1. For T23, what charge total do you get from the other residues with a beta carbon under 9 Å from its beta carbon, if Lys and Arg give +1 and Asp and Glu give -1?
2. Under the rule a/c < 1.5 gives rounded, and otherwise a/b versus b/c splits prolate from oblate, where does region 27-81 land using the Cα gyration tensor?
3. Round to a whole angstrom and tell me the spacing of the C-alpha centers of region 89-147 and region 22-66.
4. For Cα pairs less than 8 Å apart in space and 6+ apart in sequence, what is the mean separation divided by the residue count of region 13-210, i.e. the relative contact order in percent?
5. Once the other residues with Cβ under 12 Å from the Cβ of R149 are scored (Lys, Arg +1; Asp, Glu -1), what is the net sum?
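Please treat every number below as a calculation from the coordinates, not as lab data. This structure is a prediction, so every number in the text was calculated from the model and none was measured. Glycine also receives a Cβ, built like all others from the backbone with ideal geometry; neighbour counts cover every protein chain displayed.
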Amino acid sequence: MTAQTTSQPRRALRLGVAGPVGTGKSSTIANLCRALSEEFRIGVITNDIYTDEDARFLRSEGVLPGERIRAVETGACPHTAIRDDVTMNLLAVEDLERDFDPLDIVLVESGGDNLTATFAPSLVDAQLFVLDVAGGGDVARKGGPGIGRADLLVINKIDLAPYVDVDVEQMLADASQAREGRAVVGVSRKQPETVETLARWVREMHAAFLGGGHTPQDPGPMAPHFHADDSEEGGYVHSHDTTDLERSSGGAGHTH
């Protein structure tokens, strides 16, 4: 475990894990806990809309003491709880850090969302975004704030590529181009060396955090997107910035 001095941060590195449904966010967290739990004291906060399914999965895997894995049921769009109003998650993180002081790393898993989802820098110090090959080899090229601006992009389940006709090297190259050279890693839980590459990135991020060499960056608001409703217009476009976009009909904006 890394010793902390009075000149170092007095709380854990808070690392967000986001990505679409089914890409393997929970399994990525499980892999990290297995790889790092002998070096660091780790806690986990999971997010689901109406259940604690991800927390129960991680507890069942035995990757950490069960009491250090806690669930937040957001009751709303996943991105709302990690960007628009982070109160529930921030309180959960602070409670976890207080109850198990000192923690070195707290992993915060978002509920499954789309390619635009990002964490607010008031909640996490760094964030990684998880895609998987089963989503299609072209998904990394589609970009979006999650893909383009996270501190690390993980292309998960690369061992499945032959079964879904995806060229992993091309997908990684496309991802690197979409991210303008920012870090990208391909990971498979069946290939220990890839998990170690991911774990090494977390170690380096933790060291930078302790040393004051990392400043949380705001990846920016979600892109404008469409919600259907029952109105005559059939829906409206909005964003999750401080000022929502006008309804496509010219009416008032919308917030969650």
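1. On the way: positive: K25, K157; negative: D132.
Net local charge, T23 excluded: +1.
2. Taking the square roots of the gyration eigenvalues as a ≥ b ≥ c, region 27-81 is prolate.
3. With region 89-147 and region 22-66 each reduced to a Cα centre, they are spaced 13 Å.
4. On the way: 387 pairs, mean separation 50.0, N = 198.
For region 13-210, the relative contact order is 25 percent.
5. On the way: positive: R179, R182; negative: D151, E180, D218.
In short, -1.
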